[in-house]
Amino acid sequence: MDYVNIISGIENLIRNNLRGHDTGHDWWHIDRVRRMALRIVREEGSGDPAITEISSLLHEIYDKKFSGAGQKALLKKVNRMLPETGLSRNDIDSIQFIIQNISFSKGYSGEGIAPEFAAVQDADRLDALGAIGIARAFNYGGYAGNPLYDPAPGGRSTIAHFHDKLLKLKELMNTSAGKKMAEERHAFVVEFLNRFMDEWQQSG
Ligand code: ADP
């Protein structure tokens, strides 16, 4: 199978299985992660583009939030599909390792990880920062029924998620290309938070 066919087969599988899913993990998130991960690999000058692109397309399939009734069937299909592409056993193992360990909670990062893993993880984290990251967080919060902000100590809110997770991401970046972009996006998030709190105070 040629590269274009492999990619479009995986793309179609993912797009069809994402229908009706909450928009924090929608197709455009996956597409942004794919394009950003490929950009990072290009800028860093290391990492295999095919492993990077396929892992990006598949990076959400093990996510708990993805789950639902269809997750098992999807995993089965992917496991059947990957060997049919003609990719080597080694490449498939690399892809499987990335997609099974990408999530924030697994915490694989830093020294020694494969360049493709580093790129996909950085791209995923970058998508949680900046204007898009802010939009995704409030979208998620709305979906989960959380308030924008809760001034009570320990209150569950989207602003609390900024402190719990988003503001920590820039320290966790793997690549120098990723770090640079994360710093810019982080600064924008801080600016947004300051402005949000100012406006909260303005109402007295
Ligand atoms: P990942 O895609 O790295 O697995 P998550 O699934 O935890 O990350 O989050 C997906 C998106 O939803 C991110 O943009 C994240 O900031 C946002 N998100 C996750 N949990 C919350 C929350 N409790 N409140 C607001 N946004 C959240």
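Computed from the coordinates by the stated procedures, all read-outs in this text should not be read as laboratory data. The shown structure was predicted, so the numbers you read here are calculated from the model rather than taken from an experiment. All Cβ positions, glycine included, derive from the backbone under ideal geometry; neighbour counts span all protein chains shown.
Extension gain Glu84-Lys72, at 0.36 nm per residue separation less the Cα-Cα distance, in nm? Can you show the working numbers first?
Working: separation 12, 0.36 × 12 = 4.32 nm, distance 1.90 nm.
Extra length available between Glu84 and Lys72 comes to 2.4 nm.
Quick one, can you get me the convex hull of the C-alpha atoms of the stretch 106-173 expressed as volume per residue in Å³? Write out the running numbers ahead of the final one.
Values: hull volume 6.7 nm³, N = 68.
Cα-based convex hull of the stretch 106-173, divided per residue, equals 99 Å³.
Identify which of Pro83, Pro49, Pro151 has the largest mean-square fluctuation in a Gaussian network model of the chain, with springs joining Cα atoms closer than 10 Å.
Pro151
Could you state the angle between the C-alpha long axis of helix 130-144 and the longest principal axis of the C-alpha atoms of the chain, as a value from 0 to 90 degrees rounded to the nearest 10?
Roughly 80 degrees, rounded to the nearest 10.
Would you work out which of Ala135, Ile10, Ala123 lies farthest towards the positive end of the dipole of the chain? Charges go on Cβ: Lys and Arg +1, Asp and Glu -1.
The listed residue farthest towards the positive side: Ile10.
What shape does the stretch 150-204 have by the C-alpha gyration tensor, where a ≥ b ≥ c are the square roots of the eigenvalues, rounded means a/c under 1.5, and otherwise prolate means a/b greater than b/c and oblate the rest? Kindly include the intermediate steps, with their values, before the conclusion.
Working: a/c = 5.26, a/b = 1.88, b/c = 2.80.
Taking the square roots of the gyration eigenvalues as a ≥ b ≥ c, the stretch 150-204 is oblate.
Shape call for the stretch 83-204 from the C-alpha gyration tensor, a ≥ b ≥ c root eigenvalues: rounded (a/c under 1.5), prolate (a/b greater than b/c) or oblate? Don't skip to the end; give the middle numbers.
On the way: a/c = 2.98, a/b = 2.15, b/c = 1.38.
Prolate shape, in that a/c is at least 1.5 and a/b is the bigger ratio.
How do the peptides 172-178, 50-56 rank, highest first, by the average count of neighbouring beta carbon atoms within 10 Å per residue? Could you put the intermediate results ahead of the total?
Working: 172-178: 20.6, 50-56: 24.9.
The packing order, highest mean first, is 50-56, 172-178.
Pop out the Kirkwood hydrodynamic radius of the chain from its pairwise C-alpha distances, inverse of mean 1/r, in Å to one decimal. Don't skip to the end; give the middle numbers.
Numbers: mean 1/r = 0.0556 Å⁻¹.
Roughly 18.0 Å, rounded to one decimal.
Identify all lysines with a Cα-Cα distance to Lys72 below 22 Å; exclude those on the same chain that are fewer than 8 residues away in sequence.
Lys64, Lys106
Mind checking the dipole of the chain: about its Cα centre, +1 per Lys or Arg Cβ, -1 per Asp or Glu Cβ, Debye to the nearest 20?
Values: 25 positive and 27 negative charges, 105 e Å.
Charge dipole, the chain, about its Cα centre: 500 debye, nearest 20.
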